[in-house]
1. Which order do you get for 21, 78 if you rank them by accessible area with a 1.4 Å probe, largest at the top?
2. Tell me, what is the 1.4 Å probe accessible area of residue 168, in Å² to the nearest 10?
3. Sort 95, 40 by heavy-atom solvent-accessible area, probe 1.4 angstrom, most to least.
4. Using only the Cα atoms, what convex hull volume per residue in Å³ does region 12-178 have?
5. Please list, short to long, the whole-number percent of alpha-carbon pairs of region 93-226 in consecutive 10 angstrom bins beginning at zero.
6. Determine the order of 343, 80, 331 by accessible area, beginning with the largest, at a probe radius of 1.4 Å.
7. Would you kindly state how much longer the chain becomes between residue 152 and residue 191 on full extension, computed as 0.36 nm times their sequence separation minus their alpha carbon distance, in nm to one decimal?
8. Once you charge only the Cβ atoms, +1 for Lys and Arg and -1 for Asp and Glu, what is the size of the charge dipole of region 5-153 about its Cα centre, to the nearest 20 debye?
Amino acid sequence: MAKRERVMRMSVEQPLWRALTAYRVLTMLYAVGLFATAYDEFARPWIAVAYYAVLGGWTLATLPRVASAVRCTKRFLTADLTIAVTGILLTPVADAHERVQAGGPTLPSIWTAGSVLAFALKGGWRWAALASSLVAAANLVERGTPARDTVHNVILVCIASIAIGYVVEVARASERTLARALEIEAATRERERLARDIHDSVLQVLAMVQRRGAVIGGEAAELGRMAGEQEVALRTLVSGGLIPVSRVSEDAAEGALVRAVDEDPEQSGPVDLRALLAPYAGAMVSLAEPGAPVPLTPVAAREVAAAVGAALDNVRRHAGEQARAWILVEDEPDEVIVTVRDDGPGIPEGRLAQAEGEGRLGVALSIRGRLRELGGSAELISVPGLVFFCRVEGTEGRDRDTGEGGAAMTE
């Protein structure tokens, strides 16, 4: 049985969360140890004992909260930073004034940095800057004056947390890019596998039905023709893969997890014109297109495809069901040219004007009118083998870089 490939969750920041968990436990023990060695020097040691009881219980109880970004919620981060700031502000109340002025450690000591780092891992450098600013303000209030050692420690924590937050943001963006590339590669391999299987079974059967139907004739010939159309459509589907699958990163804070979602029909980004023209291809309609995407704004792409569809309808209506048609898409640097040609007898001179006068406005409205509303026009050459030109020029309709603008179509 063939194996399917899929992208599993990846996360370079997961080790950082595990390191933060260990850091919080070790720094909590360190803070308690500092207090134990200087117990006799505290003016009100019972306040420190009560605080360390809360700090120890909170640290151990919330270890699962700092195991991943999903569990580390904003409410938890707020409570965690509140405990750290409260410990800093309680230091002058619990400790002797001389020790505070001499630059003695605060009650939470370096445990506070763990709270700031949690902000950095969860929300990036902006969250880290906010948390470190609050800690800096609390340290200045605790000391009373901006002493050199206090400023040094504050700047060190601020710079380190912001740097780590920035690195985490870059790592998340890299994970999403890598996950998308791996997903596209896996989808390509799966498409190739399906194409081989379909080619070995369904396409061969359809081709055989088409050949046999043509030989037998009668109703079998019609069945063969339908089988031929389905063969062409299926071959285009499995070999082209024109319609892209939208992929988004889910739970980006924990890692890159790619899943497929439906394209938004009202999307504002560029649309590949080839994807809208591909359904027109069949046994009697050949589609020639560039190998690379042909991006247009959604409105321009839909209107061009609709105009091509209207031209093909005219081919079937006036040249017959057996008439062949060809669609050629040319992607030039400054314009897109779509040509529709058929092997019919052509349109008699003056027939279009006569039809428009009789109220038959298929070409006038469905093709020329549609493009005129976009600020352009279409060109029809009435010779045996009708040729219909639709040209999209400039950057207004291309939407290559900006994702903005309308469409401009000229002769």
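The values are calculated or read from the model by the stated rules, or taken from the named source; none is laboratory data. It should be emphasised that the depicted structure is a prediction, and the values quoted were computed from it without experimental measurement. Please note: Cβ atoms are built from the backbone with ideal geometry, for glycine as well, and neighbour counts cover all protein chains shown. Heads up: the accessible areas ignore ligands, DNA and RNA and are worked out on the full protein's heavy atoms, side chains in. Shrake-Rupley method; radii C 1.70, N 1.55, O 1.52, S 1.80 Å.
1. 78, 21
2. 0
3. My answer, sorted largest first, is 40, 95.
4. 92
5. For region 93-226, the pair-distance distribution reads 11, 21, 14, 10, 8, 8, 8, 8, 6, 4, 1.
6. The most accessible residue leads, giving 343, 331, 80.
7. Using 0.36 nm per residue and subtracting the Cα-Cα distance, I get 8.2 nm.
8. Here region 5-153 has a charge dipole of around 720 debye.
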